[in-house]
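For reference, the structure is listed below as structure tokens.
The values are calculated or read from the model by the stated rules, or taken from the named source; none is laboratory data. Everything quoted here is computed from the prediction, not taken from an experiment. In this analysis, Cβ positions are derived from the backbone assuming ideal geometry, glycine residues included, and neighbour counts consider all displayed protein chains.
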Protein chains: 2
Amino acid sequence: MSEQRRLSAGIDIGGTKIAVGLVDRSGQIVCRQSFATPKEFQSAVSSITLTLGELLRAQALEFSALAGLGIGCAGPVNPRTGLVNNPYTLPGWEGGNLITSLQSRVGLPVYLENDADAALLGESLAGAARGFDPVVMLTFGTGIGGAALSGNAVFRGAAGEHPEIGHVPVMRGGAVCYCGRSGCLESIASGAAIEKAGQEHGFHTARDVFVAASVNNSRAKAIIDQALDATACAAWALLHTFLPQRFVLGGGIIDDHFRLFASAIQQSIDAAAMIPRHEIAVVKAALGNDAGLVGAAALAFRGTG
Amino acid sequence: MSEQRRLSAGIDIGGTKIAVGLVDRSGQIVCRQSFATPKEFQSAVSSITLTLGELLRAQALEFSALAGLGIGCAGPVNPRTGLVNNPYTLPGWEGGNLITSLQSRVGLPVYLENDADAALLGESLAGAARGFDPVVMLTFGTGIGGAALSGNAVFRGAAGEHPEIGHVPVMRGGAVCYCGRSGCLESIASGAAIEKAGQEHGFHTARDVFVAASVNNSRAKAIIDQALDATACAAWALLHTFLPQRFVLGGGIIDDHFRLFASAIQQSIDAAAMIPRHEIAVVKAALGNDAGLVGAAALAFRGTG
């Protein structure tokens, strides 16, 4: 039945904000509303249901008109069981079950992915990854998120879990990351890592380091060069594992510095002798903050859990 | 129709030897024969067809009794087009098309994978990878071969190509590998790399280095420790990309030294904080040299190109 339904609901849950929207099969957002993330799980479920009801009423639709409801949630979450397990950005939500809670309220199939996977699905349906497979998306923000698409589906590892691509090793030594290793990509090239390295030289924020590097401050430049070198090394690892047709880059750092990071990755593509170089490119994410909402809705159209 | 047929043919093509066998759906080899790899492509195709005909006659069967014919061939090969492009171990075969040549002679569907992928499929059907998904197989021999299985299929990258997992970066510096980078796994932990490093200290072969290291010769031990450290680092990259449920280790070096390499990988599993550690294990390949033949035959049962 769901094949005929024109719209599905997408829910994008972050640590500070929840966006709820109705999305059509082409990935266009028909309408949306957002609100601050409630501290308590049950009130979040209530707010999501109420907001969705309002959006539907404004379109003169009922819940049953939707193909389903898809959620992209700041991870770790378990897409199979629906459980949230994110003490970092959703403290107080532990043990809440997004799938069963929402399913019982809206009477529709509910699907869940973590936010990085949802963003990649959004870019795949209606953005920069459209028509490509496999795809790796890297999101450079405070941390570095990663997601992979293969066979037109989110890549899942052991126990159905999402691989933490931001933690591929890129150098020896350095401070130990919370992933358990020192010298992983996130520990060198993330916003937090650049900020921390900058603070040792009197810079306040990662942005300050980028600005100083752009006018050839040597200390700032060394920090950014190290981040780019780490990105190129991680790209080599990704080219020899997922071998993606497209690298999609997103996140706050990429909004301002896409060319720097794309060119670091392109250098690895150009130097790698054993891959189909001309089939591979680096592109900028096209949907911005909408990617998660669109991708969440896409889950419901795909009808996969 | 092929679902009812009990047997398929598997062809394992290496640089020195070609094995042809009839294999049943459980992965048991019913009969087999092998011969030296012909230098000329057309005579290889003739020999394969003749040998297969003999095996079938001995079973009182005709070509039409088979579900199909699967080939595992020393790569690079193109599984989609059938073209062989391997000047390294199959010089003189360039431009030969295994799929069309054999299809026209045997009148059966013909499927092709490179030898590493075929070995992984064999281990997946009837060996150490049976029942697990995703799986990464690493074969430590003269070089380091790698293959990944995901969603019960061989993982394919851009342009349908096989990712060269043996070339993930593991350290800075060192001699440049033919992959285009220095410090990749193969350039440090392969048999050829260990032999080369050993020769700088008076050892003749990789085996000599392993033997000397086992009796605590410090130079030999440093070479082996570096190879194990490179393996642990590569495992970290693989845990944060493919996140396999099983690492399957095979190849000549593993026959003698499985515990050393398995324990290096296990150390990375134990230290990685963001993965489902208890779902992941390192196992030894179970089919030895038969894996490629069994996996090739499995291609025909799967009916995928």
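The set of residues in the range A:241-263 being away from every other protein chain (no Cβ under 14 Å) and not hydrophobic (A, V, I, L, M, F, W, C) consists of A:G250, A:G251, A:G252, A:D255, A:D256, A:H257, A:R259, A:S263. Please verify whether the range B:68-79 includes one or more residues that are touching a Pro at 6+ places or on another chain (Cβ under 8 Å) and over 14 Å from B:L52 (Cβ atoms). No: the range B:68-79 contains no residue that is touching a Pro at 6+ places or on another chain (Cβ under 8 Å) and over 14 Å from B:L52 (Cβ atoms). Of the helices (runs of 4 or more DSSP H) lying entirely inside the range B:87-192, none contains at least 3 residues that are under 14 Å from the mean Cα position of the chain (by Cα), of a type in the set (A, V, I, L, M, F, W, C) and within 10 Å of chain A (Cβ to nearest Cβ). Screening B:I223 with (1) of a type in the set (A, V, I, L, M, F, W, C); (2) over 20 Å from the mean Cα position of the chain (by Cα); (3) under 24 Å from A:I144 (Cα atoms) gives one miss only, at (3).
Can you tell which of A:L108, A:L90, A:L121, A:L149 is closer than 16 Å to A:L293 by Cβ and either hydrophobic (A, V, I, L, M, F, W, C) or at pLDDT below 95 (or both)?
Residue meeting the stated conditions: A:L121.
Based on this model, can you work out whether B:L238 counts as at the interface with another protein chain (Cβ under 9 Å from one of its Cβ atoms), part of a helix (DSSP H, G or I) and either among the aromatic types (F, W, Y) or touching a residue at least 60 places away in the same chain (Cβ under 8 Å) (or both)?
Working: at the interface with another protein chain (Cβ under 9 Å from one of its Cβ atoms): yes; part of a helix (DSSP H, G or I): yes; either among the aromatic types (F, W, Y) or touching a residue at least 60 places away in the same chain (Cβ under 8 Å) (or both): yes.
The answer is yes for B:L238.
Whenever a residue of the range A:201-216 is of a type outside the set (V, I, T), its partners that are assigned to a loop (DSSP other than H, G, I, E, B), lying with C-beta atoms within less than 7 angstrom and at least six residues away or across chains, give the pairs A:A212/A:F203.
Looking at the range B:181-193, can you tell me whether even one residue there is at positive phi and surrounded by fewer than 24 Cβ atoms within 10 Å (Cβ to Cβ)? Give the derivation first.
Taking the range B:181-193 first, the residues at positive phi are B:183.
Within this subset, residues satisfying the condition of being surrounded by fewer than 24 Cβ atoms within 10 Å (Cβ to Cβ) are B:183.
Yes, there is a match, as at least one residue in the range B:181-193 is at positive phi and surrounded by fewer than 24 Cβ atoms within 10 Å (Cβ to Cβ).
If you go through the range A:241-266 and pick out every residue that is free of Cβ contacts under 8 Å to residues at least 60 places away in the same chain, aliphatic (A, V, I, L, M) and either assigned to a strand (DSSP E or B) or surrounded by fewer than 21 Cβ atoms within 10 Å (Cβ to Cβ) (or both), you end up with 2.
Considering the range A:272-295, the residues that are surrounded by fewer than 16 Cβ atoms within 10 Å (Cβ to Cβ) and of a type in the set (G, A, S) include one that is farthest from A:G122 (Cα to Cα), namely A:A273. Residues in the range A:267-296 that are outside any helix (DSSP H, G or I) and either away from every other protein chain (no Cβ under 11 Å) or free of Cβ contacts under 8 Å to residues at least 40 places away in the same chain (or both): 12 in all. Looking at A:D229 and the list (1) within 14 Å of chain B (Cβ to nearest Cβ); (2) over 24 Å from the mean Cα position of the chain (by Cα); (3) touching a residue at least 24 places away in the same chain (Cβ under 8 Å), which single condition is not satisfied? Looking at each condition in turn, A:D229 falls short on (2).
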